[in-house]
Each structure stands twice: as structure tokens, then as C-alpha cells.
Amino acid sequence: MDDAATTDMTPFLERHERRTQRVFITMLCISLMASAVIFTDGLHAKGSVQALGGLWIPILSAPLVIVWLRIGPLLWARSQPKPPGGRFLMNEHDARGTARVANAGFVFVTGVGALAIAGQMGVIMSSLDTRTADWTWRAATILMGLLMINFGNAWPRFPIPRQPELRPAMQTKYKRFYGWLIVVHGLLLALAALLPRSVVISAIVTVCLSLAVLSVGGLVMYYKDLMSPRAS
Amino acid sequence: MSQVFKALADPTRRHILQLLKSGPMNAGEIAEHFAISKPTLSAHFAVLREADLVGSEKDGKHITYWLNASVLEEALLAFAGALDLNVKAGRMAPARKHSG
């Protein structure tokens with residue numbers, strides 16, 4: 001047993017940050033180029049900006065998703081307590097857990113960004129027949145579900161603070177809750193993509209709404225618990 | 001993964017994991033729930049640590065343990081608990097009470 005040994009995770013996290021930044025910039029550039037192509041093609045085909053209509057969705061949504069995938073984790077990281085001396089010193093379990101969650105997060109962010117770009121490519125190559133297009137977006141939804149399962153599965157391994165004032169029992173509860181929430185919704189999303197055409201859209205929308213409502217509800221409960229004077 | 005199955009096969013270890021679901025506990029607090037000797041309990045902790053299902057940290061005289069299981073491993077824990085598995089020597093048998 002080596003409980004007292006500490007690992008400095010700072011170099012790993014710095015490498016992870018650089019890797020994430022490089023992937024973010026690459027994906028954003030590709031997505032913006034794809035947006036420009038869709039915009040130009042749309043303008044050429046329809047004659048005016050006002051006539052672009054539904055094309056604004058792939059033009060704007062993919063770059064916005066990619067930007068959010070970068071900003072979201074940065075905002076979350078900012079909300080976390082800073083380690084003393086700026087060094088992330090952890091025991092071996094926490095170091096392993098951190099590496100697992102960071103890697104799963106990287107796979108998730110890259111995968112979702114790639115799906116957003118793939119969606120734009122699908123619009124550019126709109127020569128796909130209806131049947132192929134149908135199965136393409138179904139496959140993308142299944143892949144999205146699998147990415148969620150992979151990330152949600154790793155999430156409970158994220159280290160919790162052990163200081164009593166930070167309520168480790170409460171942190172454990174919410175960490176597990178979010179892990180299960182993401183995995184179950186990932187599974188539901190993947191299964192929803194296999195439903196018949198008449199119900200598939202409503203099923204996917206229901207899963208996404210359920211995830212959003214429960215995530216926000218969990219966050220509200222978390223801060224309510226955190227602010228309550230009751231000790232954990 | 002075989003280490004995870006080995007760890008989850010024992011009802012005492014499953015009970016420890018169930019206790020840790022409510023938050024980190026020190027070895028003494030966990031021991032209060034079992035009528036088994038400290039060396040036996042330490043052996044159970046060693047198996048759980050080896051499978052990476054629990055994390056531990058020494059703080060002075062106390063060792064604090066916390067749940068370090070992924071969602072899939074928690075699901076396996078629930079599944080093994082529901083079936084009351086007690087796999088020993090490569091065969092399945094009904095689980096005994098938590099006597100170590």
C-alpha cells in the first residue's frame with residue numbers, strides 16, 4: 001500500500017490542456033470553413049441571405065457547439081477550488097481517477113465536435129439519398145450516446161475533496177448521480193436512434209429534454225445542499 | 001476486469017462498497033458494521049484497492065476509504081448484490097452472512 005505517496009499531476013494536466021486546445025482550434029477552423037462553404041453554396045443557390053432559412057442551423061450550430069465544448073469545461077474548472085501552491089499533488093488513486101476522467105472528457109469533446117463537423121459535411125454533400133442520410137444521422141446519434149456512456153462511466157472516479165468543510169459525502173452523492181444520469185441518457189439516446197421513423201425525433205427530443213431538466217435540477221439541489229448549514 | 005469480478009464476488013466486500021456509497025469513511029467506522037477481525041477486514045480492503053474500486057488515504061492513524069467505482073462497476077455491484085453471488089473457487093454458491 002502506498003497511501004502517502006503523492007503524484008504531481010500538473011504536467012499531465014498541462015499536457016491535457018495543450019492537447020485539448022490544439023484539437024479545439026483545429027475543429028473550430030474546420031467547422032468555420034464548412035460554415036463558409038454552406039453559406040456560400042446556399043447564397044449561390046437561393047440568391048439572398050434572407051432565403052437561407054434552415055441552412056443557418058448547420059452554419060451556426062456546429063461552431064457554437066465546438067466553442068461551448070471548450071468554454072463549458074473551462075468554466076467548470078474555474079469553479080473548482082485551486083490546489084495549494086498551484087500544483088495538483090494527489091495520491092495514486094486520485095491521480096488515476098483524474099487521468100481517466102480527463103481522457104474520457106477529451107474523447108467526449110473530440111467525438112461530439114467531430115459529429116458536429118460531420119453534420120456540416122453531410123449538408124455540403126447533400127447528394128446522399130434519403131435512406132443513406134437517415135441512417136447517417138441515426139449512426140451519429142448512436143455514436144453520441146456511446147460517447148456519453150464512456151464519459152459518464154468515468155465521471156464518478158473524479159477525485160472528491162476529503163476536507164469535512166467541503167462535504168465529501170455530499171460530493172460523492174452528486175458525482176454518482178451525474179455519472180448515472182449521463183450513462184442512462186447515453187443509453188436511451190442510442191436506443192432512441194433505433195426507433196421507427198414516426199417516433200424517433202420525439203424520442204430523441206424527450207431524452208435530451210430529460211437530460212437537461214435533470215442536470216439543471218441536480219445542479220440546483222447541489223448548490224442548495226452546499227449552501228445549507230447542515231454538516232454532511 | 002477479473003480483479004473487479006473477484007472483488008465483487010464476496011458479500012463482505014460488496015457490503016463495504018455499499019457503505020462507501022454514502023461517502024468516505026475511515027477503517028474504524030467501516031469495521032463497526034462487521035463482526036470480523038481487523039486483519040480479515042484489511043485483506044478485504046486490499047482486494048478492493050487492487051481492483052481500484054476504493055481509494056484510500058492515510059491521515060495520521062486513520063485510513064480513509066472512499067468509493068472509486070465507475071458506473072459500470074456500480075451496476076455490476078448492484079447486479080451481484082441482487083443475485084446474492086458468492087463466487088469462490090470458481091463456482092457459485094449462496095452468500096453467507098457477513099462473517100468474513
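How many of the residues making up segment A:99-121 are touching a Pro at 6+ places or on another chain (Cβ under 8 Å) and either part of a loop (DSSP other than H, G, I, E, B) or at pLDDT below 90 (or both)?
2
Condition test on A:I124, is it over 23 Å from the mean Cα position of the chain (by Cα) and either aliphatic (A, V, I, L, M) or closer than 27 Å to A:N91 by Cβ (or both)?
Criteria met by A:I124.
Being more than 7 Å from every other protein chain (Cβ to nearest Cβ) and without any contact (Cβ under 8 Å) to a residue 12 or more places away in the chain is the filter; apply it to segment B:60-73 and report the residue that is farthest from A:Q163 (Cα to Cα).
Kept after step one, since they are more than 7 Å from every other protein chain (Cβ to nearest Cβ), are these residues of segment B:60-73: B:60-62, B:65, B:73.
Adding the requirement that they be without any contact (Cβ under 8 Å) to a residue 12 or more places away in the chain leaves B:60-61.
Details: B:G60: 14, B:K61: 16 Å.
Filtering segment B:60-73 for residues that are more than 7 Å from every other protein chain (Cβ to nearest Cβ) and without any contact (Cβ under 8 Å) to a residue 12 or more places away in the chain, the one farthest from A:Q163 (Cα to Cα) comes out as B:K61.
Please go through segment A:154-171 and give me each residue that is assigned to a helix (DSSP H, G or I), within 21 Å of the chain's Cα centre (by Cα) and within 22 Å of B:L19 (Cβ to Cβ), ordered by number. Give the steps one after another, and end with the answer.
As a first pass, look at segment A:154-171 and keep what is assigned to a helix (DSSP H, G or I): A:154-157, A:164-166, A:168-171.
Within this subset, residues satisfying the condition of being within 21 Å of the chain's Cα centre (by Cα) are A:154-157, A:171.
Within segment A:154-171, A:W155, A:P156, A:R157, A:Q171 qualify.
If the requirement is being buried (at least 20 other Cβ atoms within 10 Å of the Cβ) and either in a helix (DSSP H, G or I) or within 14 Å of another protein chain (Cβ to nearest Cβ) (or both), which of these qualifies: A:V207, A:V220?
A:V207
Would you call A:P164 touching a residue at least 24 places away in the same chain (Cβ under 8 Å), of a type outside the set (A, V, I, L, M, F, W, C) and farther than 17 Å from A:G97 by Cβ?
So A:P164 passes the test.
Among the residues of segment A:27-62, write down those that are farther than 22 Å from A:A114 by Cα and either surrounded by 15 or more Cβ atoms within 10 Å (Cβ to Cβ) or in contact (Cβ under 8 Å) with a residue 40 or more places away in the chain (or both).
A:G42, A:L52 - these are the residues of segment A:27-62 that are farther than 22 Å from A:A114 by Cα and either surrounded by 15 or more Cβ atoms within 10 Å (Cβ to Cβ) or in contact (Cβ under 8 Å) with a residue 40 or more places away in the chain (or both).
The values are calculated or read from the model by the stated rules, or taken from the named source; none is laboratory data. As the structure is a computational prediction, the values presented were derived from the model and not from experiment. No Cβ is skipped: glycine too gets one built from the backbone with ideal geometry, and neighbour counts run over all protein chains shown.
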